[in-house]
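Written below as structure tokens is the structure these notes are about.
Any read-out appearing in this document is the output of simple, stated calculations on the displayed coordinates, not a laboratory observation. All values derive from a computational prediction rather than experimental measurement. Cβ atoms come from the backbone with ideal geometry, glycine included; neighbour counts cover every protein chain shown.
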Ligand SMILES: [Zn+2]
């Protein structure tokens, strides 16, 4: 019997501040498959002729799909285990890095100014905005799709204009994020699985 040839490679894939270790398994097959193993590991099964550049392009193309599977992968692989201190620091750093780029961008679009920004691993809320213009974001947003993180950023920044949830407030949010309801739905459906990680700390 002919021995089946399998080639395995590992490489690093970075997207929107998220870092993944990709296990690339090449065999005699014609199609590709992607599996989200955990919040930072992916397995890609591919034909023998596949290249890391080609697989990176494939991951870019399907990144929305990958991101949506991360919360489920967390609860499966880590069995809902609370992140340890080192992981929290890592998550907070990732969130800070993302906020460092997106906060000034959206603040400019909305023409608002904010004061201090803090990132904490919180049990109940995704973000908050104080009367003094201080913003706070949940480090667990690092696990959410970037569009959802952007929505939370815009939501809190709009509170610098309207300190309530009046129609005027939602009008401001929708100027920047017209499909905000999709992101609110994602938070309703997946948010509690993520927040429950913080509850165990
Ligand atoms: Zn609000």
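Things worth noting here:
- Principal axis analysis of the Cα atoms in the range 7-77 yields extents of 32, 23, 18 Å, listed in decreasing size.
- As an equivalent ellipsoid, the range 85-199 spans semi-axes of 22, 16, 12 angstrom, where each value is the square root of five times an eigenvalue of the C-alpha gyration tensor, largest first.
- Mean projection area, nm², convex hull over Cα of the chain: 13.1 nm²
- Estimated FRET transfer efficiency (residue 7, residue 112; beta-carbon r; R0 41 Å; 0.05): 0.20
- Per-residue [θ]222 nm for the chain (sum of -39500 (n - 2.57) over DSSP H runs n ≥ 4, rounded to 500): -15500 deg cm²/dmol
- Taking 136, 190, 116 as the candidate residues, the one with maximal mean-square fluctuation in a Gaussian network model of the chain, Cα springs under 10 Å, is 116.
- Cα centroid of the range 30-58 to Cα centroid of the range 85-150, whole Å: 31 Å
- Length-normalised contact order for the chain - Cα pairs under 8 Å, 6+ apart - percent: 17 percent
- In the range 7-77, Cα pairs under 8 Å separated by at least six residues give a relative contact order of 27 percent.
- Helix 180-199 axis versus longest C-alpha principal axis of the chain: approximately 80°, rounded to the nearest ten.
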